[in-house]
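Structure first, then comments.
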Amino acid sequence: MRKYNSNLAFVDLLFNLLIGFTSLFVISFLLINPISKKGVVDPPVKVMFEISWDDKSYHDIDLYLKGPDNQVVYYANKTNGYITLKRDDLGFQTDTYEINGKVEIVERNYEITTMSSLPDGDYIVNVHFYARGKRRPTDPVNIKVTDLEQEVFVRVTSIQPFKILADTSTILKYFQERTILVFKVLDGKIVEVRDDIQVRLRKKHAGQGGGF
């Protein structure tokens, strides 16, 4: 009589082991935490408006932004809720800091305004030569400030989505105000960006020149 050997039990054992290892692998994979993306920032800012001028300049230049609510955000009204003036630079007057009890001078002329929301409507971006600088306390007593013009650099950047709306410069005369950009927001998107329109945002006071 012939005898037949069967390997079914061994095959079943291997199959069960394979299922076990596969199950453990799937469970382990599901438990692995996703790797965080380094350097990825998702700021609550939609648009940034920046102006800068010669870091050694004495003069005070101001940034103005008007939204569809007709409020003008500037040094005397620094926010309307979704538009905020983050830094009001007064020229050399804001260059002095106290660090570890020691007075330091950090020469930097820079202002920035941000928008955290994009309500539909029209927006106007202006710059204004507010004040002529005076002699710094540390300057020689015989120095005179006679420069009545200032070149101002303006950069407007959409963050979400990223797009540079303006990257330009303009030369302002003393007390002159100039419109750099006007644009419209429609359905939460910036459209109709123009740089050929001039709109005064400041009230003109008697005896003050400049203008457009």
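Bear in mind that the values in this text are calculations on the coordinates, not laboratory data. Bear in mind that the values here come from a model prediction, so they are computed numbers and not experimental data. Here the Cβ is made from the backbone with ideal geometry for all residues, glycine too, and neighbour counts use every protein chain on show.
Things worth noting here:
- Neighbour counts of other Cβ atoms within 10 Å put VAL154, VAL125 in the fewest-to-most order VAL154, VAL125.
- Trypsin sites (Lys or Arg not before Pro) within segment 59-92, DSSP loop, no more than 15 other Cβ atoms inside 10 Å: LYS78
- Per-residue Cβ neighbour counts within 10 Å put SER57, SER169 in the sequence SER169, SER57, beginning with the fewest.
- Taking ILE164, ILE124, ILE159, ILE83 and counting other C-beta atoms within 10 Å, the order from fewest to most: ILE164, ILE159, ILE124, ILE83
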